[in-house]
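Since every read-out is calculated from the coordinates, none of them should be taken as a lab result. All values derive from a computational prediction rather than experimental measurement. Note: ideal-geometry Cβ built from the backbone for every residue, glycine included; neighbour counts use all protein chains shown.
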Amino acid sequence: MIMAKKNTNRMNGAEAYDTAFAGVTGETGAGMMNRSGTSTSPEDALDVIREAQRTPPSPKGDARQLAEYRKPYLEQRIPIGSRPVAIDQARTGRAEEGNTSVSLLLDKLGERLAFERQGVRLYESLIGKIKAIGEEPGGPAIDELEHILDEERAHFRFLSEAIVGIGGDPTVQTPCANIAGILSQGLVQVVADPRTTVPQCLEAILNAELADNDGWNLLQALVATLGVGDLGDRIEEAKEHEQDHLEMVRSWQAAMVMGNAAPIKPNPEGKQGRSQRVSTKSASKPPSRTVAGSSRSGPAKTGTRSKAKEQVEVKGKVASRPLARKTGRK
Ligand SMILES: [Fe+2]
Ligand SMILES: [Fe+2]
């Protein structure tokens, strides 16, 4: 569906999806060809090099200037969030009287709570995707994913209760919860993207489960140190679930990736990489395409392909010299 331009801040989820896909037309599925590399179009590569040389970065300076600019902000030591305290202290504005160990525990429980919430979203999203496209060989079955989803929900509920149990508020965005939410945003985006495959989604979920396993291990150690023994059994149970999740996700991802792997047949001439490059360069120029809002009609370039190839090679050497000077490398 093609939509007119809209204020993206006011879109609902369905509208945002439609808008994201409004520019995706033409080639789809197996017929698509990855032209992101410069070797598929030496003429355009030359344009890119020329333009990069013509328009150096507008802000002057490098990482050292950035560090200088950040320094006064760093020296202020403003935290990313204030420490969570028990509801009683928060209500009466006596946060400074709060127990620092309780604050530490509330912060880490809040972090796990935020992560489990994202875990639920990840599995809900993957289940939705597999329901739409079907189960694939080596990959997860819907009922297996639903089993994990139930356990993630149970972890979320347990953490909520645990926070309430020590006098905290589970709706508080703690500093560590804030960071956990930001960290996992990319993972949720990968799985929710309709263009990603199941193995690509599993890669994202594998990252989540690896971090989750370490998170529960640390929480268990913290609870033991703080002497909050009544949380220990539930944490141990959640930890065992997470170990199972990790093993399952890891095995599905490996099976799906390896399921597509076959030995690369050597080129009869023994020059596979070279022959591929040559054949790509001798292929016809890719058809015109639209790039990020600017239409490129792809007019025919003058000059022969061999000339363009020569220009790229010569230009490539020229382009490398300033970089070597700037970095001080020889
Ligand atoms: Fe979990
Ligand atoms: Fe998990």
Simple spin-label estimate for TYR69/ASP150, 7 Å along Cα→Cβ, in nm, reads 5.3
Quick note, the range 84-259: a/c under 1.5 would make it rounded; otherwise a/b > b/c is prolate and the rest oblate (a ≥ b ≥ c, C-alpha gyration tensor); here it is prolate
Among LYS71/LYS108; LYS131/LYS265; LYS129/LYS239, the pairs whose Cα-Cα distance exceeds 32 Å are LYS131/LYS265
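Gain in length, GLN200 to VAL257, computed as 0.36 nm per residue apart minus the alpha-carbon separation, to one decimal in nm?
19.6 nm
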Convex hull around the C-alpha positions of the range 172-275: the volume in Å³ per residue is 167
Between GLN53 and GLN189, Cβ-based FRET efficiency (R0 41 Å, step 0.05) works out to 0.75
Under the 7 Å Cα-to-Cβ spin-label approximation, LYS60 and GLU240 lie apart by a distance in nanometres of 6.5
Sorting LEU210, GLY186, MET256 by the position of each Cα along the dipole of the range 159-257 (Lys, Arg +1; Asp, Glu -1; all at Cβ), the one nearest the positive end of that ordering is GLY186
Quick calc, ASP143 & ALA224: beta-carbon distance into FRET formula, R0 41 Å, rounding 0.05, result 0.70
Expected unfolding gain across ARG91-ARG157 under the 0.36 nm per residue rule, minus the alpha-carbon gap, is 21.4 nm
